[in-house]
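Structure first, then comments.
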Amino acid sequence: MCGILFLHEKRPTTNSNQFADWLELMDPRGPDQKGQCSFTTDDGQFFVGATRLRISDPYTRSDQPFTIDHHFFLIFNGEIYNHKSLRKELIHSGVTFKTESDTETLIWWLKIHGASRLSELNGMFAFVYMDNKKKETIIARDQHGIKPLYFHNSHGTFITASDLRPIVAHPKVSNEINKNQISHYLKYQFIKRPETIYESIKELEPGHFLKWTNGVYVEPQPYTHFNSNKSFSADLFEPFQNHFNKSLMLHSSDIHVPGIMLSGGIDSTLLLASAKRMGIDISAYSITIEEKAWKTATEDTSFARQAAKQYQVPLHEYRIDEHVVDQLPAFFKSFDQPIGDSSAFLTWLISKYAKQNGSKILWSGAGADEYWAGYRRHALFKKYLQLKKYLPVGPEKITGILSQLTFPNINPEDSRRFWSSISPSAKSTYLQFASSDPYLPYQENSAGADFDLNDALNWDRNQYLISDVLALTDKASMAHGVEVRVPYLDNHLTSLAQSTEASVLLKHGAKWPLKHLLEKMDGEVYCSRKKQGFGLPFELILNARNTFLWDFFNQPDHPIFEFVENKQMERLKYLHLGKHIGSGRSLWALLSLVKWLEHRKNL
């Protein structure tokens, strides 16, 4: 894993020392090695730099920037899990390798195939490849959006990086806040791609690449094209099990023992049980809540302990109490743009603890809910579509007995929220339910749009998963130089899920292929437990003797008031002071934005 930084200036203004300073901003992403080089061509000046976390082939021979004959250069963040099979093909074509790294496999793959076979890369990655003989540069990002990549392009200056901070440090890049994105952020907890928090910087979409040849720039374009045809076959279990087991083997490491972020839920426990059964050497990490007032908020600790004991895997418990808030300032400073999901803090804490224990690799269950219909809102939206033609339109119509109607296996609070989210269209209804605050005014464009259960899953896969779950996972873990791998996002696994009709994915309940496999390994208790999100009771934490977090409410010159209307602030303040249960998501999103603005102001 690495942080990568690339700069092209048609009219050079940057020197090596400046570039080194910007590269240093990504030191936490790659604490083991740092390198840069520069050269000048007829097209202008180029700088290429990387900070490296040594995972695959952890020797200096694979340090970056990686080059072949000083004509071909690669900076690369991530892992290519199928690089050994790609390497066999390259060896058959006559390539001789000098290292065991996926970096060398990738540079030869690109040297021979250019951008024509990017879709065959199975992994998480963002890279910049330069072929100085052809005067061609290729920049690409993995199809699931696991690794980030941002860029700025204007007036002869192109700069791309794994982090926003090196880009905005360039004097020709404006640091103007993207005000249009604040409402979306407060409602959904993340900035909507391809926008970022800065007006002048964009995010490269997953499964896309951009390039230029002989000075001609080509706009980002997709290299993956998913088949939109859906299968109604329910024969999912065997192909799921086969692809899942292969994914675990690909995500394992010959050098480092992965640690599973264990909650005792279906996703993480299935990773644990399957890896153990397959003979993969693993450990586990979990959060243990010591504060008595918070313990009733989650059952993760007891289930994580039970799973670790049952499958005989060492469990490292990170114990937290009310003093955990003392770590919030350092946490907020580590993010290059705000993400309003409170699970970012727990991921940050576990990654920090794992690094202290000598772990360089963690496994996450991210992607299981989005691809295998695991969220409560998926089952509720299925119910909504069945009842839609009988329902009055608008939340003000859902009154009396109807608003109290609940569904089997879904808690009353979710049912009430579902009814309050009913809107004129199916799309707006689902997005209201998926939002962190359904009462905020921001609305996605949904006029006249058909929106079914497949569309709902696609929104979670293409928006929430990438811009919330995977973004926070990357930023929180890389702040401590820890690589998080996501076995559920193997290309073959996600292709199977995407090609299956959504109704089939819910035919036997949420995530039924995962549950069936876990039950075969005596994991019934983890399949039947109540689903809980990965987080802490932040409405309790934020209201407990932590006034320093909320001082901004009494600071009229605070930058937050430039972006959030007073009436919104007053409503959130009311939720905060009134200690409303369920207000934690909205309050945390606001707090994350506030602290990010404060840190930006002090830079």
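Derivation of every value follows stated rules applied to the coordinates shown; laboratory data play no part. In this text, all values refer to a predicted model and were calculated from it rather than measured experimentally. Here Cβ is always computed from backbone atoms with ideal geometry, including for glycine, and neighbour counts include all displayed protein chains.
From least to most packed, judged by other beta carbons within 10 angstrom and beginning with the fewest, 37, 527 follow the order 37, 527. List the trypsin sites (Lys or Arg not before Pro) in region 1-103 that DSSP assigns to loop (not H, G, I, E or B) and whose Cβ has at most 10 other Cβ atoms within 10 Å. Which are they? Within region 1-103, the qualifying trypsin sites (Lys or Arg not before Pro) (loop, at most 10 other Cβ atoms within 10 Å) are 98.
Listed by chain and number, the lysines whose alpha-carbon sits under 18 Å from that of residue 567, ignoring those within fewer than 8 places in the same chain, are 179, 187. Within the chain, DSSP assigns beta bridges of which about 80% are antiparallel (rounded to the nearest 5). Checking the cross-link filter: which aspartates and glutamates have an alpha carbon closer than 18 Å to that of residue 507, excluding same-chain neighbours under 8 positions apart? In chain and number order, the partners are 235, 238, 369, 370, 452, 455, 519.
Could you tell me which of rounded, prolate or oblate describes region 2-222, using a ≥ b ≥ c as the square roots of the eigenvalues of the alpha-carbon gyration tensor, with rounded for a/c under 1.5 and, failing that, prolate when a/b is larger than b/c and oblate otherwise? Each step should come with its number before you reach the end.
Values: a/c = 1.60, a/b = 1.37, b/c = 1.17.
Note, shape of region 2-222 comes out prolate.
The Cα center of region 324-341 and the Cα center of region 175-239 differ in position by 24 Å.
What longest range of the chain stays clear of loop-exposed GluC sites (Glu not before Pro) (DSSP non-H/G/I/E/B, at most 14 other C-beta within 10 angstrom)?
Numbers: sites that count: 176, 290, 565.
Here the longest segment lacking exposed loop sites spans 291-564.
Taking 27 Å as the limit for the C-alpha separation, the pairs 276/352; 382/515; 202/382; 475/531; 192/515 exceed it in the case of 202/382; 192/515.
When you filter the chymotrypsin sites (Phe, Trp or Tyr not before Pro) in region 5-89 for DSSP loop state and at most 12 other Cβ atoms inside 10 Å of their Cβ, you are left with 59. When the listed pairs 147/211; 135/246; 427/573; 246/333 are checked against a 28 Å cut-off, the alpha-carbon distance exceeds it for 135/246; 427/573; 246/333.
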